[in-house]
Structures are given as structure tokens and as C-alpha cells.
Amino acid sequence: MKGEYNSDNFDNFDASTLGGNVTLVNHFRRVNDVPRTRFHLDGYLFIIVLGGELRITIDRKEFHLRPGDLFSCFPRNMLENLSATEDFDAKMIYLSTEFAESIASKVHIDWTFGMMVKRHEILHANVDDLRLLQRYFDLTKDKLDAPDTEYKSHTVEMLFASMLYELFDIRTKAGVKLPPMMQYSAAENLLQRFVKLLNEPGHGMRSVNEYAASLCVSSKYFSSVCKQLTGKSASALINEEIIRSAKMMLAEEGQSLKQIADALHFKNQSHFGTFFRRHVGMSPQHFRDACRCKNC
């Protein structure tokens, strides 16, 4: 799942794509036939469960999806241990971060807080809501399958925006708080800038002071904004993202421990190992070995 979904990544899946920015899979059935058991998610994933059951693990927490469930997952998550019943059937939607942000701007919703506070969730739709969502899905897929036109991408965006409003209605009926409407207070703008900076590769910053300096605010104010708007300290948010990146690199097998330590801007491999062990409870090598065993 890293990067874009396409027909090469998911053979036998009926997928429609739009320039790598959006992918719709009409019948996401053969989960157990996918050769890998671990996927790194770079975009936004939505699954509408039509039949059967699916179990999936995210950050060591297992989710159990049943018919009528709507599963959403934010970027930079590691999905593991996908296991489905034989009759499992679902519709899957993948949006790149750029495309999702474009839609969010049109419906005036800010994803920032959801990315920092809640990275995945399950809602349950009733029969009527599920039928309506399927209609939106099918209409959007028909448009994706149609020949390219000058306004095709804009039409798809509007269809997704309409579908998003339907999801908001479902959240409201379930008593779930909606994402905040886009606002422009100093604190909210600061958090948005921080999230974008946090997800930019290669900047080399790992401390609260470094981020605060880059954002041109005091460390005290920066920390208070993070705590106020997300419920987490700035250091906790930074460390979570470092650990998230480390886990992805360790699971991929492409780099040595030293290369990963360098990529994450640790002084040396030993410093990286100490940091990882303190936050994860095991050494980087132990974590990599555990990942290998899951794929055995």
C-alpha cells in the first residue's frame, strides 16, 4: 500500500485511479491472497464493509470490521495482520494527502487535528446510509472510468466532497464529534504549520526547541498550543512521529540499523537504540526480528 494503489500492486482487484491521487476498489475481497502481511499507508484509506469480517492491526491494536462498518485511517500508519473471512467483501477508497487536502479545503474541514489525535476509527452505518454511500461510490467510480475531460478531476472532487458530508451526517447521528471547521486563529495556524513540518522528510529536527525555533515561537507557547489542541505534549507528538518512521524503516528491511539512525538524525546507532527501546520496549533489532517472524 505504500505510495499509490494501482493494478500492479493489487492484481485481481477491480480498481479505478485518477493520476495516483485517488483509487477506488469496487470489491476488496481477496485480502488473504495479498502476499504481504504489512502495509505502510501514505494516504487516507476508507473501507466500506459490505459482507464478511476483517481483522486488521494498527500500532498493535486490533480492529474487527463487520458488515456496515466504515473504517477510516490517516496517513503514516502501518497496517498489519490482515485476516478476512471467505465471504469478506468491501469497497475501498484511497486518497493521496494532496487530494484529501484539496477536498478538505472545499468543505472547509481541517484534517490536522484528526491526524494528531485520532489516526483511525470505525463508524457503523445503518442500511439506508450504507446504500447511499454505495451510490456515491458507484457514481464516482463511473466518472473515474469515463474518458478524461477538462473537468473530470473537479467533478470527482465534488463527488467526494458530497460523500464526505454524508459521512459527517453518520458521525453526527453516532454522537461523534466532527473535525473542526477551518479556522485561522494563531494557535490553530501554528499547529497546522507544525504538522506539515513534522511530516516533511530530511529536516533533522527532533527536539521541541528546534521545532519552536523553526516556527518562530517560544518553546513554552509551542508546547502549550500542542497540549491545548491535541491533548498531547509537543515532545510526545514529535517522539511518536520519530517512532512511527523508525518502525516503517525497520519493517522494510531495505536499510541497516546504522542507516536508519542516520536517516532519523540520531548521533549514532547506540543513541537510536536507546531512544527506540525507551519508547517501544524492545531494541530496533528485536523489533525487526519480530517483523520477520510475522512474515514467515
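Residue pairs whose Cβ atoms lie under 9 Å apart, sitting 6 or more positions apart in sequence or on different chains, and linking a residue in region 122-141 that is open to solvent by less than 90 Å² (accessible area, probe 1.4 Å) to a partner that is among the aromatic types (Phe, Trp, Tyr) and outside any helix (DSSP H, G or I), are Ile122/Phe63; Ile122/Phe71; Leu123/Phe71. Within region 215-226, if we keep just the residues that are open to solvent by 60 Å² or more (accessible area, probe 1.4 Å) and part of a helix (DSSP H, G or I), the residue that is farthest from Pro284 (Cα to Cα) turns out to be Tyr221.
Pairs are defined by a Cβ separation below 6 Å, a sequence spacing of at least 6 or placement on different chains, a first member in region 196-209 that is open to solvent by less than 100 Å² (accessible area, probe 1.4 Å), and a second member that is assigned to a loop (DSSP other than H, G, I, E, B); the pairs so defined are Gly204/His265. Could you check region 227-296 for helices (runs of 4 or more DSSP H) lying wholly inside it with 3 or more residues that are open to solvent by less than 70 Å² (accessible area, probe 1.4 Å) and in contact with a strand residue (DSSP E or B) (Cβ under 7 Å, 6 or more places away or on another chain)? In region 227-296, the matching helices (runs of 4 or more DSSP H) lie at 234-252.
When region 53-75 is filtered for residues that are open to solvent by 10 Å² or more (accessible area, probe 1.4 Å) and part of a loop (DSSP other than H, G, I, E, B), the ones remaining, listed by number, are Glu53, Asp59, Arg60, Arg66, Pro67, Phe74. Selection of region 117-161 for residues being in contact with a Phe, Trp or Tyr (Cβ under 8 Å, 6 or more places away or on another chain) and farther than 29 Å from Phe194 by Cα yields Thr140, Leu159. Looking only at residues in region 130-184 that are among the aromatic types (Phe, Trp, Tyr) and modelled with pLDDT of 85 or more, which one is nearest to the chain's Cα centre (by Cα)? Out of the qualifying residues, it is Phe160.
Scan region 76-107 for residues that are part of a helix (DSSP H, G or I), open to solvent by 10 Å² or more (accessible area, probe 1.4 Å) and of a type outside the set (Gly, Ala, Ser) and jot them down. Give the steps one after another, and end with the answer.
Pass one, region 76-107, residues part of a helix (DSSP H, G or I): 97-107.
If we keep only those that are open to solvent by 10 Å² or more (accessible area, probe 1.4 Å) as well, we get 97-99, 101-102, 105-106.
The answer is Thr97, Glu98, Phe99, Glu101, Lys106.
The values are calculated or read from the model by the stated rules, or taken from the named source; none is laboratory data. Keep in mind that what you see is a predicted model, and the values were worked out from it rather than measured. Positions of Cβ are backbone-derived with ideal geometry, glycine not excepted, and every protein chain shown enters the neighbour counts. Just so you know, the surface numbers come from the protein's heavy atoms only, side chains and all, with ligands and any DNA or RNA stripped out. Shrake-Rupley method; radii C 1.70, N 1.55, O 1.52, S 1.80 Å.
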